[in-house]
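Each remark here refers to the structure printed beneath this line.
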Amino acid sequence: ETIGQTQFQFLVNVIDRAMPIQQAIDREWAWTLATDFNPNCRILSLPMIASLAVQRCAIDPLAALCAVTCNAAETVREHAGRQHGRITEGAVASLNILNGPKWEGWCLQPGSSPFSSTLLRGSTVIH
């Protein structure tokens, strides 16, 4: 058994015992998904984490996308106090451009980046 397999199994076990995510969705609570790169969990892939949530917890890919974008932005302040995590006039222009014919695929191919480019505070970053 490799370290990667051990970490993957750890994540699966955590997800299987987690609070029912559907309950949070039904109650319209803002919940997030994130990576937790540290010595005991060396996974950097947000699509991998979302894939586990979609596959293991049967949540909708759109709910997973909201969890890693607008919901996550609600929990972190933007340094100038402007709104971010939303496409709104006056908000910080940071967003990912998905690479693919269907947006739902962003978390269904965890071995590759689902993004073609990123806007970070209005400047384009090419992947």
- Find out how many positive minus negative residues lie around ALA72, taking Lys and Arg as positive, Asp and Glu as negative, among other residues whose Cβ is under 14 Å from that of ALA72. -1
- Residues of segment 44-70 with amide N under 12 Å of the 7 Å Cα→Cβ point at GLN22: 57-60
- Item | Which label in (1) 25, 18, 15; (2) 21, 18, 12; (3) 40, 15, 10 gives the computed semi-axes √(5λ) of the Cα gyration tensor in Å | (1)
- By how many degrees, between 0 and 90 and to the nearest 10, does the Cα long axis of helix 3-17 differ from the longest principal axis of the chain? 80
- Which value, in Å², gives the accessible area per residue of the chain when a 1.4 Å probe is used on the protein heavy atoms? 67
- Excluding exposed DSSP-loop chymotrypsin sites (Phe, Trp or Tyr not before Pro) (at most 14 other C-beta within 10 Å), longest clean stretch of the chain: 38-127
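The values are calculated or read from the model by the stated rules, or taken from the named source; none is laboratory data. Keep in mind it's a predicted model, so treat the numbers as computed, not measured. A quick note on method: Cβ atoms are made from the backbone with ideal geometry, for glycine too, and the neighbour counts reach across all protein chains shown. What goes into the accessible areas is simple: the full protein's heavy atoms, side chains included, and nothing from ligands, DNA or RNA. Shrake-Rupley method; radii C 1.70, N 1.55, O 1.52, S 1.80 Å.
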